[in-house]
Amino acid sequence: MSSIAFYAFFGAATRFMQLGIQKRPHYLPSEAVAYPLYMSVCVGIGLWLDSVEDKHMGLLQDRKKLLIEKRARREEELRSFARDHMTGDSHS
């Protein structure tokens, strides 16, 4: 809920800044639809970006899990290789 409020506020602030840059009045009754329009667009884009972020975080977690498992297998292989070859080297 807080992200929706943030994105809506961001949309209103964007419109406010746009009008300030253009040196136009910040609120005219004839243009009253612009603020809700900017707010709605920013909420939609923000929620889409949140879903993209969630997907990417899931992919990163899966990849991290795979890398940790691969590292553990590699360490076990190295330990077993060292055990197998250390027993024959002590007689030299």
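The values are calculated or read from the model by the stated rules, or taken from the named source; none is laboratory data. Fair warning: this is a prediction, and the values are worked out from it, not measured in the lab. Using ideal geometry, Cβ is built from the backbone for each residue, glycine included, and neighbour counts are taken over all protein chains shown.
Observations
- Any hit, the stretch 78-85, residues being at pLDDT 90 or above and among the hydrophobic types (A, V, I, L, M, F, W, C): yes
- Contact map, the stretch 35-49: first residue closer than 11 Å to residue 10 by Cα, second residue of a type outside the set (S, T, N, Q) and outside any helix (DSSP H, G or I), Cβ cut-off under 6 Å, separation 6 or more or different chains; the map is empty.
- Checklist (1) surrounded by 10 or more Cβ atoms within 10 Å (Cβ to Cβ); (2) more than 28 Å from residue 5 (Cα to Cα) applied to residue 38, failing item: (2)
- Residues satisfying the stated conditions in the stretch 27-84, i.e. under 30 Å from residue 17 (Cβ atoms), aliphatic (A, V, I, L, M) and assigned to a helix (DSSP H, G or I): 34, 37, 39, 41, 43, 45, 47, 49, 52
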